[in-house]
Structure formats: structure tokens, C-alpha cells
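The values are calculated or read from the model by the stated rules, or taken from the named source; none is laboratory data. Keep in mind that what you see is a predicted model, and the values were worked out from it rather than measured. No Cβ is skipped: glycine too gets one built from the backbone with ideal geometry, and neighbour counts run over all protein chains shown. Note: areas computed on protein heavy atoms with side chains; ligands, DNA, RNA excluded. Shrake-Rupley method; radii C 1.70, N 1.55, O 1.52, S 1.80 Å.
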Amino acid sequence: MIYNKIKVGVIGLGYLGKFHYQKYKTNRSADLVAVADIDKENIYSIESKSIFRTNNYKDLIDIVDAVSIVTPTTTHYKIAKFFLENNIHVLLEKPMTETIAQAKSLNRLAKKNNCIFQIGHLEQFNPSIRKLMLDSISPQFIEVHRLCKFNPRANDVDVVLDLMIHDIDIVLSLVNEKIKRISVSGKNIITNLTDIANVRIEFENNIVANLTASRISTKNERKMRIFSKNSYYSVDFINNELKKLIKKKDNTFKTYTFTFKKSDSLKDEIKNFINTCLGKEKSMTTGECGESALKVAKKITGALKNNG
């Protein structure tokens with residue numbers, strides 16, 4: 001069904017939820033009509049007086065066509081299930097759900113009710129990654145570093161589900177092979193969950209991805225390096241830069257550098273969600289992609305617990 005404008009609600013108005021709220025307000029194809037949060041201070045902190053506010057997300061059922069769910073991971077399945085059961089499109093923040101079974105259940109429900117179901121893997125909307133995906137790359141080795149300064153806000157999940165899952169999602173997009181082996185190491189340093197982790201993923205055909213994630217670094221760094229036959233790619237997520245080195249016949253390398261202007265990945269993600277609901281685009285971060293990334297992340301977190 002094609003709509004002229006999508007009526008949207010935001011569930012959860014914490015730190016990230018307020019950003020969702022702001023992006024919907026500036027999207028011309030979205031009509032932000034409602035917000036829900038269990039904290040009254042959050043729902044009355046927004047400036048618009050015309051928006052419906054409630055402490056109970058179920059009150060939005062006859063008001064909205066689509067929702068963003070920006071709540072703790074433990075609540076994702078219950079809330080997303082409610083809206084998908086009622087034929088309402090869902091943009092669900094990562095990590096998708098607590099369990100693989102929950103992710104599978106939501107994907108089945110979305111398909112059954114013909115709902116758009118999108119997961120908040122923001123890095124897919126980074127312009128350097130979007131440019132990279134246009135090349136036909138056959139990776140042989142991938143090296144990723146995602147380092148962040150400590151932030152007490154997002155510690156309901158470990159660093160794998162908090163940060164590394166972005167890179168898992170991208171690696172799975174680049175490598176279309178089955179996983180042969182996963183090796184892990186990690187430690188909880190400041191929180192009760194793993195704060196720093198290193199993971200080696202070995203795919204069929206001997207493709208290797210080495211991922212490091214830390215949320216206790218002294219600096220912020222998000223870089224990915226991809227080694228392919230006669231070529232090398234370097235992605236700087238923070239500075240929106242892609243470098244490409246291609247080997248020439250004389251065994252020298254030609255370097256291409258693409259620097260993109262500062263982007264707003266959340267704005268682009270929400271634009272993609274709204275346009276997919278309108279039938280204008282295809283979702284770039286589907287529920288199926290979210291499920292695939294979660295499966296790998298859960299294998300890693302399980303292995304880390306066993307190693308601990």
C-alpha cells in the first residue's frame with residue numbers, strides 16, 4: 001500500500017530516542033504524531049505541544065503507521081511484536097533482540113503481515129561504506145578497529161552487541177561465505193560485561209576478518225581495512241574517507257581518495273525507513289540482515305562467556 005505521508009511514533013525518548021524524534025521532525029514525508037516513554041520527564045521534555053504523549057506504547061495503536069523503537073534491548077521483542085502484530089511498520093534499534101529465536105519470530109511476523117521491519121545498523125549509511133559497496137570487492141582479509149571512549153549510557157549489553165555488531169553487519173555484507181570458525185578473546189574492565197574484545201572470523205575459502213572493539217579507549221577510532229587481490233581499501237568511518245589502492249601492471253599502486261562531507265547517518269537511515277514504507281526505496285538494513293548479524297554476535301558473546 002502506498003501512502004502520501006507516514007504517521008510516525010517514537011517509543012523511548014532517552015539519549016538516542018531524542019535524536020530519532022528530531023530526525024522525524026525534519027523529514028517531509030513523516031508526520032510525527034506521537035511519543036511514548038515510561039519516564040514522564042522524557043515525554044514532556046520535547047518542545048512540540050501538538051504531539052500525543054503517553055507512558056504506554058500500546059496507546060499508539062490507532063494513531064501511527066510506523067514507529068521507531070529506541071528502548072532497552074530487553075524490551076525490544078515485546079514492543080516490536082506488538083506493533084508488527086497490528087500491521088505497523090517498525091524501525092528497531094540495535095541490537096535487534098535478546099535471542100535468535102526472538103529475531104526469527106519478529107521476521108516471520110513482519111513477513112506475514114507485510115510490514116517494513118528495519119534494524120538500526122547506522123554504519124550502512126556512512127557514505128564511505130556506501131561508496132565501497134559499489135565496487136565489486138572479493139575480500140581476502142579484513143581488519144577492523146572500533147574504539148570508543150567510555151560512556152556509562154549504553155552498558156546494558158556487552159561491547160560486541162553495543163559496538164562490534166556494526167562491523168559484523170558490514171563484514172557479512174562484504175563476504176558472502178559460510179563461517180568456518182570463530183576465535184575470541186575479551187575482558188570486562190569497567191563494567192560487569194565484556195568491555196574490550198578481539199574476534200577472528202574464518203570463512204570458507206579461507207577469508208579472514210579480524211575485529212577489535214573497545215569502549216574503554218582514550219580515543220575514538222572507527223576504521224576498516226580490506227585486502228583483496230591486487231587491491232587495498234581503507235575506510236575511516238569518523239572522517240568519512242575511503243582510500244583505494246590498485247596494483248598496476250608495472251607493480252606500482254594507483255591511489256584513489258574519496259572524502260565525503262560530514263554526513264548524518266541517522267537522518268539517512270530514517271529517510272530510508274520512511275521511503276521504504278512509502279514504497280519508494282528498499283530497506284538497506286532489513287530484519288533478515290539484523291538477524292544474521294545477531295547470530296554471529298551471539299556466537300561471539302557465548303564464546304566469550306565460556307572463555308571467562
The correct count of residues that are assigned to a helix (DSSP H, G or I), under 13 Å from residue 116 (Cβ atoms) and more than 14 Å from the chain's Cα centre (by Cα) in the stretch 280-308 is 0
Quick one: in the stretch 226-264, of everything that is hydroxyl-bearing (Ser, Thr, Tyr) and not in a strand (DSSP E or B), which residue is most open to solvent (accessible area, probe 1.4 Å)? 252
Quick one: which residue in 272, 307 is crowded, with 20+ Cβ neighbours inside 10 Å and either farther than 26 Å from residue 140 by Cα or among the acidic types (Asp, Glu) (or both)? 272
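Let's see how each residue does on (1) in contact with a Pro (Cβ under 6 Å, 6 or more places away or on another chain); (2) within 17 Å of residue 161 (Cα to Cα); (3) open to solvent by less than 10 Å² (accessible area, probe 1.4 Å):
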position: 52; (1), (2), (3): no, no, no
position: 55; (1), (2), (3): no, no, no
position: 62; (1), (2), (3): no, no, no
position: 65; (1), (2), (3): no, no, no
position: 68; (1), (2), (3): no, no, yes
position: 71; (1), (2), (3): no, yes, no
position: 77; (1), (2), (3): no, yes, no
position: 87; (1), (2), (3): no, no, no
position: 90; (1), (2), (3): no, no, yes
Can you find a residue in the stretch 48-68 that is under 30 Å from residue 295 (Cβ atoms), under 18 Å from the mean Cα position of the chain (by Cα) and of a type in the set (Ser, Thr, Tyr)? yes
Examine the stretch 135-143 for a residue that is within 16 Å of the chain's Cα centre (by Cα), buried (at least 18 other Cβ atoms within 10 Å of the Cβ) and not small (Gly, Ala, Ser), and state whether such a residue exists. no
What are the residue pairs meeting all of these: first residue in the stretch 104-131, first residue over 18 Å from residue 278 (Cβ atoms), second residue open to solvent by 20 Å² or more (accessible area, probe 1.4 Å) and of a type in the set (A, V, I, L, M, F, W, C), Cβ atoms under 6 Å, and 6 or more apart or on different chains? 124/284; 127/260; 131/258
